[in-house]
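Student: Just dropping this structure here.
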Amino acid sequence: MITFNAEGPRGKVVFFIPRWLDAPRRTSGLGLPLESLSVAGALARSGFEVLAIDESLEPDLEAVLSRARDGGVALRCAWLGELYAYQFRGLHRFVETTTRLGMEAPMVLGGSLVTVCPPDILARTEGVDVFVHGLGEECLPELSMRLVEGMDFRDVPGISFLSEGRLVINAAAPPRNLSPSTSDFYREMDLTPYVERDQNVFDTSEPVLKVRLGRGCARACDFCYHYRVKQSRILAEQAVEDILYLSRRYDVHHFSFHELDFFSDRRRALRIADALAAEAPDIRWFALGSVADLVRLSTEEIARLVRGGCRIIEMGTESGSEKILRIIGKHHAPGQAVLATQSLLAQGINAAHNLIFGIPGELPIDRRRTLDLCRQILSLDPGRVILFPRLYQISPGTPLGDEILARHPGVDLPRTVFEASTWRKDFRKHRVFPWLSAAAEREIKDLADYYIPMMQVRARWGAGARCPTSVRMLSKIVDLRVATGMFGLPVDRWLYDHLPHRSSALVDAFAE
């Protein structure tokens, strides 16, 4: 439990951060809950005493909540800052436990997951008085003050609440750049538990820390659940100041930049790189970018990024089919992903690619083109590129999601937060793509969780001598299947699932 602004005059807020993956507690790989802690800090600066409880670090939730209630609680708040529906399970535990312990304070729920959540699901969420959408730093302090003092809160912008059985949604406050104060919590608490020391994006034993440089995305792609999350970002000077501070305090030199579209402002990205090159040349970092931006970087600009510490860039390649890219609102050509990768690799930056299968309108020829693109990218340097395959999931409120729901009214979407929390796990077990045949649906699920990962297993494992012979043989069969498009009779898949070497380094985009 982390205390912000002890004995704040406005009262005590129990601020709960559910763990966002189904993983063991005290696992540093869960990462730093940047969104949640930033909002907790803003609430504390408005005069509240904030007791932040991160479920991923607490072995006994009921015990810590029992201690938190001592002296009375003015407000309960849960913040779902990551886009993982598993957090709804933690929300249920929090509401149930605080109710059992006699905490009758108003209950507020907010965060990125709430912002993108369909209104119908919010309306069926029991035990919550008010929902906060968008930037919590913007409206949560004002909302909390009104709730605690018994004032009318219904005109606070950026919230929703139930009224006569109907969800009333106020217009959100206009987006703006994140203020410098949103990173004050870096200096207000000990982040040691969040330093990643085992599995990390750099695939090394070096400690890594996640640092927030922005939220939302500039692209607003038609299929993506970030469609409704407007972009806001920290200025370059503040970003560099935060990185240098964290590096000195925690002796960390590897950072994962938490910003979806880091290179959409090329000048800002280069300013950050130039400043780090001058002030901390030993710092290394990972960032996310769009193919359309990365392919426009000049050789000299990439060199500046490398001098500034950039070592890995992950891009939203998504598909090898021009048709599918247009359907989902992407603005690059498939071949540009190859060109961008070549340019990055040539100067020492490794490349990761997100891929997506199951988009409505996807035909076998489209999957064939994506697989050809995968093979082309891997051929550049299988040890320095990585492919993350995913399956399309309908996001209501996005242009593509709403179009699909209109065309296929029988799609069985989750109706409550508890159904949503198991939806992704059930995704592989049931028919979820009514626009595909059953055979095609099985094929894309196998592509995402076996064939494309297995294409990379030898490089991910390491030197060939370390990779078991059985796995090497099966990966060669997979290479042949991908080359020919023959995915029937998956006996090799069955054999792999029953091998004693199941700890192999398969790339798993569904790690939760």
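The values are calculated or read from the model by the stated rules, or taken from the named source; none is laboratory data. What you see is a predicted model, and the numbers here were worked out from it, not measured in a lab. Every residue, glycine as well, gets a Cβ built from its backbone with ideal geometry; the counts of neighbours run over all protein chains shown.
Student: For the range 1-95, please list each of the strands (runs of 3 or more DSSP E) lying entirely inside it that holds at least 3 residues being β-branched (Val, Ile, Thr).
Tutor: Details: elements: 2-4, 12-17, 49-54, 75-79.
The strands (runs of 3 or more DSSP E) meeting that bar are 12-17.
Student: Only one of these conditions is not met by ARG89: (1) touching a Pro at 6+ places or on another chain (Cβ under 9 Å); (2) over 20 Å from LEU413 (Cβ atoms). Which number is it?
Tutor: Just one mismatch for ARG89, condition (2).
Student: Can you tell me which residue in the range 107-141 is surrounded by the most Cβ atoms within 10 Å (Cβ to Cβ), limited to those that are farther than 14 Å from ALA78 by Cβ and without any contact (Cβ under 8 Å) to a residue 40 or more places away in the chain?
Tutor: Ranking the qualifying residues of the range 107-141, first place goes to HIS133.
Student: Can you give me the ranges of the helices (runs of 4 or more DSSP H) entirely in the range 225-307 with at least 1 residues that are among the hydroxyl-bearing types (Ser, Thr, Tyr) and at pLDDT 95 or above?
Tutor: 236-250, 299-307
Student: Still on this structure, I have one more. Would you pick out the residues in the range 96-106 that are surrounded by 16 or more Cβ atoms within 10 Å (Cβ to Cβ) and either assigned to a loop (DSSP other than H, G, I, E, B) or of a type in the set (Asp, Glu) (or both)?
Tutor: Listed by number, the residues that qualify are MET103, ALA105, PRO106.
Student: Okay, next question. Identify the single condition in (1) in contact (Cβ under 8 Å) with a residue 60 or more places away in the chain; (2) surrounded by 14 or more Cβ atoms within 10 Å (Cβ to Cβ); (3) not in a helix (DSSP H, G or I) that ILE394 does not satisfy, given that it satisfies every other one.
Tutor: (1)
Student: If you don't mind, another one. Please determine, by comparing only the residues of the range 372-391 that are among the basic types (Lys, Arg) and not in a loop (DSSP other than H, G, I, E, B), which one is surrounded by the most Cβ atoms within 10 Å (Cβ to Cβ).
Tutor: Taking the range 372-391 first, the residues among the basic types (Lys, Arg) are 375, 384, 390.
Restricting the remaining residues to those that are not in a loop (DSSP other than H, G, I, E, B) gives 375, 390.
Details: ARG375: 14, ARG390: 16.
So the residue we want is ARG390.
Student: Condition first: among the aliphatic types (A, V, I, L, M), touching a residue at least 40 places away in the same chain (Cβ under 8 Å) and buried (at least 20 other Cβ atoms within 10 Å of the Cβ). Now tell me which residues in the range 73-95 satisfy that.
Tutor: Within the range 73-95, VAL73, LEU75, ALA78, LEU80, ALA85, LEU91 meet the criteria.
Student: Could you count how many residues in the range 153-183 are buried (at least 18 other Cβ atoms within 10 Å of the Cβ) and modelled with pLDDT under 85?
Tutor: 4
Student: Kindly establish whether VAL64 is at negative phi, surrounded by 16 or more Cβ atoms within 10 Å (Cβ to Cβ) and more than 24 Å from the chain's Cα centre (by Cα).
Tutor: When the stated conditions are applied, VAL64 passes them.
Student: Would you confirm, using the coordinates I've provided, whether ARG428 is under 22 Å from ILE324 (Cβ atoms), out of contact with any helix residue (DSSP H, G or I) (no Cβ under 7 Å at 6 or more places or on another chain) and of a type outside the set (S, T, N, Q)? Quick ask: steps written out before the conclusion?
Tutor: Details: under 22 Å from ILE324 (Cβ atoms): yes; out of contact with any helix residue (DSSP H, G or I) (no Cβ under 7 Å at 6 or more places or on another chain): no; of a type outside the set (S, T, N, Q): yes.
In short, no.
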